[in-house]
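**Q** Sharing a structure here in structure tokens format.
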Amino acid sequence: PVITSAGIKVPADKAKNWATCVDKATFRIEPNQAVSLCPVIVHHSSIQWEPVYQKMAQLVNDFSSKFRFPQQPYAVVRAGDNEYHWGAVQDYFKNHHKKTDNIFVVDLTRPRGAQDPAYSIVKHMLAEGGHLSQFVNFRNCEHGRPKDEKERRRSNLVLVSVARQILHKCGFSIWWVSIPRSLPLPAVFVGVDVFHAPRSYDPETKTKSGRNSCAAIVVQVVHSHENPEVSFYSHTFKRETGQEYELGSAIEEAVTNAVSFIGVTPGSCIVWRDGVGDASVANTLGQELPGLRKALSSRIVRGEEGGGKSVKVEVPVAFMFCQKRIATKMFYRAPDGNVFGMPAGSYIDGLEDVRHSSFYINGVSPPVSTPKPVRYIIAQHDEELKELSLAELSWAMCHGYANWTGPIKVPSVCQMAHKLAEFAGSMRDYGETIDHKGFTNTLHFL
């Protein structure tokens, strides 16, 4: 697909990683038209935060995007380890914070081990309060005072990635992927996944028990083929342990909220559903598709199209299941007789299931291991979308994941649903207190 950043196309030779292209993007939005964020800096007591903030602010503002960092942060919170970390954040927002719009929390943390026990707790507190946040880890890199040139270069790579991620979390897309012109707009893309936490040992019962599962649904709305601005909505649902299916009511609620909060009358809808095996495809589609159609038809068209009356519109739908954990591997034989793994972007069809059409896309091609493709099962493909190449659209959407400047294995909304499900599944309440409405048009979970 054609990848564009600030009106400039990414060269074909940068299709595997376009970070160097988008990092130089300048959107030329005038300062008086931009939104000034209110950064709250939470820093470990051993971290010199001033030079790090100045560097991040410069990198964010160099994009000249819709969102800017001021020269000085809105507030600074000094924190420690573990309970002194989340305790400091809780104390600030409870006793010292004056309510204001556009708060963005930047947490400069130095965990003692590979895992930061405060991360999920602080993220939960901020998500519950409706605050966007970004963590910067100082454990393996001293961003404030690099010890040598090598660490300075590594810090620059990390901080420019942080700057990109901050803008993406605010809902500003730094790059744009072209989608087929045959897709009716506005187009609603839906990603669905369920996170199942591993079973853990309970010392009281002396048995292994599983936590509840967590389902996540991410909705992305594309309004125009030319305008790179898109809209987002996300929602999470607590599930019984191991419960993967029966998400019909959850999809209906999430999509209904999305089209209502965003304020859009859908022209089409494409769903990528993860985590469903062959034997469950038909039952899952029968349970989840009706709720989706009901949500899409909840928007009412008035005026000439309805003859002066309120009418419900049937929105064309394509519903696909993405299967990543499959035993199938694809290879090709070069003219010299050597055998290689299929390159990224390889498309394979003709290996049809007797019940549903399907195709394979090899999204990534690692240099030192055998690539494994993703199988896409087309469970529903309405007649109005027959001219649309679902393979071409799926491959294009594999280039839209904000956390990675390269293609990934599944479409971006599906990967975002996986990320959100894992994030909410690690919370005590499985994301039930996340301010989903307040986070409309943001990607707070990245």
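The values are calculated or read from the model by the stated rules, or taken from the named source; none is laboratory data. Owing to the predicted nature of the structure, the values given are computational and were not obtained by experimental measurement. All Cβ positions, glycine included, derive from the backbone under ideal geometry; neighbour counts span all protein chains shown. We work out accessible area using only protein heavy atoms, side chains counted, and drop any ligands, DNA or RNA first. Shrake-Rupley method; radii C 1.70, N 1.55, O 1.52, S 1.80 Å.
**Q** Could you give the length gained on full extension between GLU149 and ARG333, defined as 0.36 nm per residue of separation minus the Cα-Cα distance, in nm?
**A** Value of the extension gain: 61.9 nm.
**Q** Calculate how steeply helix 117-129 sits against the longest principal axis of the alpha-carbon atoms of the chain, using the helix alpha-carbon long axis, and give the answer as 0 to 90 degrees to the nearest 10.
**A** 70
**Q** While we're on this one: At what distance in nm do the modelled label points of ASN441 and ARG199 sit from each other, each positioned 7 Å from its Cα along Cα→Cβ?
**A** 4.6
**Q** Expressed as an acute angle from 0 to 90° and rounded to the nearest 10, what is the orientation of the C-alpha long axis of helix 248-262 relative to the principal long axis of the chain?
**A** The angle comes out at about 70 degrees.
**Q** Select from ILE326, PRO411, ALA396 the residue farthest towards the positive end of the dipole of the stretch 321-420; place +1 on Cβ of Lys and Arg, -1 on Cβ of Asp and Glu, and compute about the Cα centre.
**A** My answer, from the dipole projection, is ILE326.
**Q** Further question: Which value results when the Cα radius of gyration for the stretch 111-210 is divided by 2.2 N^0.38 Å?
**A** It is 1.60.
**Q** Let me ask something else. Could you compute the FRET efficiency for VAL313 and ASN156, with r as their C-beta to C-beta distance and R0 at 56 Å, rounded to 0.05?
**A** 0.65
**Q** Between the stretch 7-79 and the stretch 125-179, how far is it from one alpha carbon centroid to the other, in angstrom?
**A** First find each Cα centre; the distance between them is then 8 Å.
**Q** So which GluC sites (Glu not before Pro) in the stretch 116-209 pass both tests, a DSSP loop state and at most 11 other Cβ atoms within 10 Å of the Cβ?
**A** Filter output for the stretch 116-209: GLU204.
**Q** Counting only other residues whose beta carbon sits under 12 Å from that of LEU126, what net charge do I get with K and R as +1, D and E as -1?
**A** Around LEU126, the surrounding residues sum to -1.
**Q** Just need the relative contact order of the stretch 219-282 here, percent rounded to a whole number, with Cα pairs under 8 Å and 6+ apart.
**A** The value is 28 percent.
**Q** Rounding to the nearest 10 and keeping the result within 0 to 90°, find how far the Cα-based axis of helix 281-296 lies from the longest principal axis of the chain.
**A** Once rounded, the angle reads 70 degrees.
**Q** Hey, if you put +1 on the Cβ of every Lys and Arg and -1 on every Asp and Glu Cβ in the stretch 35-93, which of GLN72, GLN48, GLY87 ends up farthest toward the positive end of that dipole?
**A** Result: GLN72.
**Q** Let me ask something additional. Using a/c under 1.5 as the rounded threshold, could you call the chain rounded, prolate or oblate? The axes a ≥ b ≥ c are square roots of the C-alpha gyration tensor eigenvalues, and prolate needs a/b larger than b/c, oblate otherwise.
**A** Verdict is rounded for the chain.
**Q** Mind checking the full-extension length gain between THR265 and ASN140? Use 0.36 nm per residue of separation minus the Cα-Cα distance, one decimal, nm.
**A** 40.2 nm
**Q** How do ASP193, ASP62 stack up against each other in accessible area, from largest to smallest, with a 1.4 angstrom probe?
**A** Result, largest first: ASP62, ASP193.
**Q** Let me ask something else. In terms of Cα to Cα distance under 18 Å, which lysines are near enough to LYS147, apart from those fewer than 8 places away along the same chain?
**A** Candidates past the 8-residue exclusion: LYS55.
**Q** Could I ask something else about it? Using only DSSP helix segments of four residues or longer, with each worth -39500 (n - 2.57), what per-residue ellipticity at 222 nm results for the chain after dividing by its residue count and rounding to 500?
**A** Taking each H run of at least 4 residues, the total per residue is -8000 deg cm²/dmol.
**Q** Right, here's the next one. Roughly speaking, to the nearest percent, how much of the chain's 1.4 Å accessible area is carbon and sulfur?
**A** On the chain, the fraction of accessible area on carbon and sulfur atoms equals 49 percent.
**Q** Using the charge dipole of the stretch 201-249 (Lys, Arg: +1 at Cβ; Asp, Glu: -1 at Cβ; taken about the Cα centre), state which of THR205, GLN243, VAL222 has its Cα farthest towards the positive end.
**A** About the Cα centre, the residue reaching furthest to the positive side is THR205.
**Q** Roll a 1.4 Å probe over the protein heavy atoms and report the accessible area of ASP202 in Å², nearest 10.
**A** That residue has around 50 Å² of solvent-accessible surface.
**Q** Moving on. Out of the stretch 26-112, which trypsin sites (Lys or Arg not before Pro) are coil in DSSP terms and have no more than 12 other C-beta atoms within 10 Å?
**A** In loop regions of the stretch 26-112 (DSSP not H, G, I, E or B), the sparsely surrounded trypsin sites (Lys or Arg not before Pro) are ARG28, LYS98, LYS99, ARG112.
**Q** Which whole-number percent gives the relative contact order of the stretch 97-180, counting Cα pairs below 8 Å spaced six or more residues apart?
**A** Relative CO of the stretch 97-180 lands at 27 percent.
**Q** Could you pull out the trypsin sites (Lys or Arg not before Pro) across the stretch 149-209 that fall in loop regions by DSSP (anything but H, G, I, E, B) with no more than 13 other Cβ atoms inside 10 Å?
**A** The qualifying sites are ARG181, ARG199, LYS206.
**Q** May I ask you to derive the relative contact order of the chain, considering only C-alpha pairs under 8 Å and at least 6 residues apart, and to give it as an integer percent?
**A** After rounding, I find 17 percent.
**Q** Quick one: divide the alpha-carbon radius of gyration of the stretch 1-97 by 2.2 N^0.38 Å and tell me what you get.
**A** 1.43
**Q** Would you mind working out the magnitude of the charge dipole of the chain relative to its Cα centre, with +1 at each Lys and Arg C-beta and -1 at each Asp and Glu C-beta, to the nearest 20 Debye?
**A** 1040
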